[in-house]
Amino acid sequence: MNNRSLLIACLATLGLAVAGWGQADGTDVDNPADPSLSAGIGQAVTSSGEGAWVVGAIRRLTDYSASYSSPSWSPDGQHIAFGFERDGRAKIYVIGSDGSNFRRLTDHPAWAALPTWSPDGRHIAFVSERGVSDIYVTGSDGSDRRNLTNDSHWDWAPSWSPDGQHIAYVSRRGSYGKAEIYAIGSDGSNSRRLTDLPGGVESPSWSPDGRHIAFVFERGASDIYVMGSDGSNPRRLTDRGLTDDSVDYRSPSWSPDGQYIAFESEWYDRVGIYVMGSDGSNPRRLTDDSANYRSPSWSPDGRYIAFESNRDGDWGIYVMDIASYVGGEPTAVDETSWGQIKSLPATGSR
């Protein structure tokens with residue numbers, strides 16, 4: 001197995017191997033988003049053991065036949081970065097949170113994915129495979145690109161600390177090539193291992209107060225865990241009673257106020273998005289239809305979650321209005337699991 005095949009096998013758990021390739025004309029896309037979709041209104045649903053709950057509207061930001069993955073919201077709420085793969089070439093792109101101004105951020109022929117914004121919005125960290133996978137950092141306009149990690153082992157899944165001083169990531173540089181979570185200075189200095197666990201790890205996500213890191217721990221099935229930002233006191237958050245014992249929980253994402261963690265999980269052969277308290281309490285499913293929903297990312301005002309989905313047949317980046325969830329107790333819906341239809345205001349407006 002070559003390096004790229006092995007890397008993709010490692011990242012498959014993150015949902016990067018999505019269906020469908022784009023058009024094979026070899027040209028770039030100025031704006032594959034359909035502006036008419038920016039104001040579109042869809043239905044979002046959620047349910048729990050106690051019944052159905054209103055979430056709000058879902059809108060699609062992208063409208064082009066290709067593979068989209070791992071959206072990441074900018075700190076000002078105005079942009080979303082994501083992986084965009086067409087003709088086997090994966091790049092980092094950015095789109096406005098209203099669906100406008102789709103633009104390419106990376107142009108190197110090497111595969112690139114998993115973008116994440118710095119807290120000040122000036123930089124984006126991402127993974128690129130140039131021999132082996134390493135963590136890179138670039139300006140949010142695509143300038144000043146630099147290699148943050150550079151060794152013979154795979155490094156992936158970067159996550160910025162809220163003070164912008166550190167980046168957590170996953171690496172196979174540990175004993176016997178086992179994946180562990182590391183942290184490195186945002187200037188590339190002082191890389192250190194945070195975990196030493198008897199299984200695989202994935203998807204570190206720093207809490208807004210900088211005190212904790214949520215991550216995926218896999219030993220058989222995978223669960224969401226949380227630990228101190230120094231690697232201390234790892235503990236499981238997800239409850240095996242929520243779904244079948246063999247079901248995986250992945251892609252944790254903290255809400256901006258630190259009260260909730262969104263994540264993805266399989267449910268009746270479909271991958272859906274859930275939200276639970278940051279202590280693992282009160283998990284709720286936010287999606288309840290025949291589509292797949294993956295890689296949730298909270299908006300900085302906590303009102304929306306961006307994600308990837310094939311709900312319209314092909315894969316795209318979507319935004320879900322969850323204000324009715326985090327604003328307090330959701331509104332119950334009698335005799336149906338469909339949420340109410342309502343307009344989705346521009347991100348950041350009230």
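The values are calculated or read from the model by the stated rules, or taken from the named source; none is laboratory data. Please read all numbers here as calculations on a predicted model, not as lab measurements. Don't worry about glycine lacking a Cβ; one is built from the backbone with ideal geometry, like all the others, and counts go over all protein chains shown.
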Check your understanding: Taking interchain pairs and intrachain pairs at least six residues apart, which have beta carbon atoms under 8 angstrom, with the first residue in the stretch 94-121 and farther than 21 Å from Asp134 by Cβ and the second acidic (Asp, Glu) and modelled with pLDDT under 90?
Key -> Gly99/Asp34; Phe102/Asp30
Check your understanding: Can you spot a residue in the stretch 268-286 that is at pLDDT below 85, over 20 Å from the mean Cα position of the chain (by Cα) and crowded, with 18+ Cβ neighbours inside 10 Å?
Key -> no
Review point. Of the numbered conditions (1) modelled with pLDDT of 90 or more; (2) under 20 Å from Trp73 (Cβ atoms); (3) touching a Gly at 6+ places or on another chain (Cβ under 8 Å), Asp321 satisfies every one except a single condition; which is it?
Key: (1)
Practice item. May I ask you to list the residues in the stretch 107-157 that are closer than 18 Å to Ser251 by Cα and part of a loop (DSSP other than H, G, I, E, B)? Key: none
Practice item. Select from the stretch 268-320 the residues that are among the acidic types (Asp, Glu) and not in a loop (DSSP other than H, G, I, E, B) and list them in ascending order. Key: Glu308
Study note, to complete from the structure: Taking the stretch 158-182 and keeping residues in a strand (DSSP E or B) and either polar (S, T, N, Q) or over 16 Å from Trp117 (Cα atoms) (or both) leaves Ser159, Val170, Ser171, Glu180, Ile181, Tyr182
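So which of Ile167, Ile181, Ile213 is farther than 18 Å from Phe263 by Cβ, of a type outside the set (Ser, Thr, Tyr) and touching a strand residue (DSSP E or B) at 6+ places or on another chain (Cβ under 7 Å)? Working first, answer last.
Values: Ile181 fails: farther than 18 Å from Phe263 by Cβ; Ile213 fails: farther than 18 Å from Phe263 by Cβ.
That would be Ile167, the only listed residue that is farther than 18 Å from Phe263 by Cβ, of a type outside the set (Ser, Thr, Tyr) and touching a strand residue (DSSP E or B) at 6+ places or on another chain (Cβ under 7 Å).
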Point to revise | Looking only at the stretch 255-267, and only at residues there that are under 16 Å from Trp73 (Cα atoms) and in contact with a helix residue (DSSP H, G or I) (Cβ under 9 Å, 6 or more places away or on another chain), the one that is surrounded by the most Cβ atoms within 10 Å (Cβ to Cβ) | key: Ser255
Review point. Among the residues of the stretch 88-106 satisfying the criterion of being among the small types (Gly, Ala, Ser) and part of a strand (DSSP E or B), which is surrounded by the most Cβ atoms within 10 Å (Cβ to Cβ)?
Key: Ala90
Check your understanding: If you take the residues of the stretch 107-117 that are buried (at least 19 other Cβ atoms within 10 Å of the Cβ) and not aromatic (Phe, Trp, Tyr), which of them is farthest from Ile80 (Cα to Cα)?
Key -> Ala112
Review point. Can you tell me which residue in the stretch 73-122 is nearest to the chain's Cα centre (by Cα), limited to those that are among the β-branched types (Val, Ile, Thr) and under 15 Å from Arg145 (Cα atoms)?
Key: Thr116
Point to revise | Matching residues in the stretch 118-139 - criterion: being buried (at least 18 other Cβ atoms within 10 Å of the Cβ) and among the small types (Gly, Ala, Ser) | key: Ser118, Ala125, Ser128, Ser133
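To keep it simple, each residue is scored yes or no on (1) touching a residue at least 24 places away in the same chain (Cβ under 8 Å); (2) charged (D, E, K, R); (3) more than 25 Å from Ser297 (Cβ to Cβ).
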residue: Val170; (1), (2), (3): yes, no, no
residue: Glu180; (1), (2), (3): no, yes, no
residue: Arg193; (1), (2), (3): yes, yes, yes
residue: Pro204; (1), (2), (3): yes, no, no
residue: Asp209; (1), (2), (3): yes, yes, no
residue: Phe217; (1), (2), (3): no, no, no
residue: Asp223; (1), (2), (3): yes, yes, no
residue: Val226; (1), (2), (3): yes, no, no
residue: Asn233; (1), (2), (3): no, no, yes
Check your understanding: Hey, any hits in the stretch 241-250 for a residue that's surrounded by 14 or more Cβ atoms within 10 Å (Cβ to Cβ), in contact with an Asp or Glu (Cβ under 7 Å, 6 or more places away or on another chain), modelled with pLDDT under 95 and among the aromatic types (Phe, Trp, Tyr)?
Key -> yes
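Which of the residues spanning the stretch 125-144 are among the aliphatic types (A, V, I, L, M) and under 17 Å from the mean Cα position of the chain (by Cα)? Talk me through it step by step, then tell me what you get.
Taking the stretch 125-144 and keeping what is among the aliphatic types (A, V, I, L, M), we get 125, 127, 132, 135, 137.
Once the filter is applied, which keeps residues that are among the aliphatic types (A, V, I, L, M) and under 17 Å from the mean Cα position of the chain (by Cα), the stretch 125-144 yields Ala125, Val127, Ile135.
Looking only at the stretch 191-234, which residues are assigned to a loop (DSSP other than H, G, I, E, B), of a type in the set (Ser, Thr, Tyr) and either at pLDDT below 95 or surrounded by fewer than 18 Cβ atoms within 10 Å (Cβ to Cβ) (or both)?
If we filter the stretch 191-234 for residues that are assigned to a loop (DSSP other than H, G, I, E, B), which is where we start, we get 191, 194-199, 207-211, 220, 229-234.
Subsequent filtering for residues that are of a type in the set (Ser, Thr, Tyr) retains 191, 195, 207, 229, 232.
Within the stretch 191-234, Ser191, Ser232 meet the criteria.
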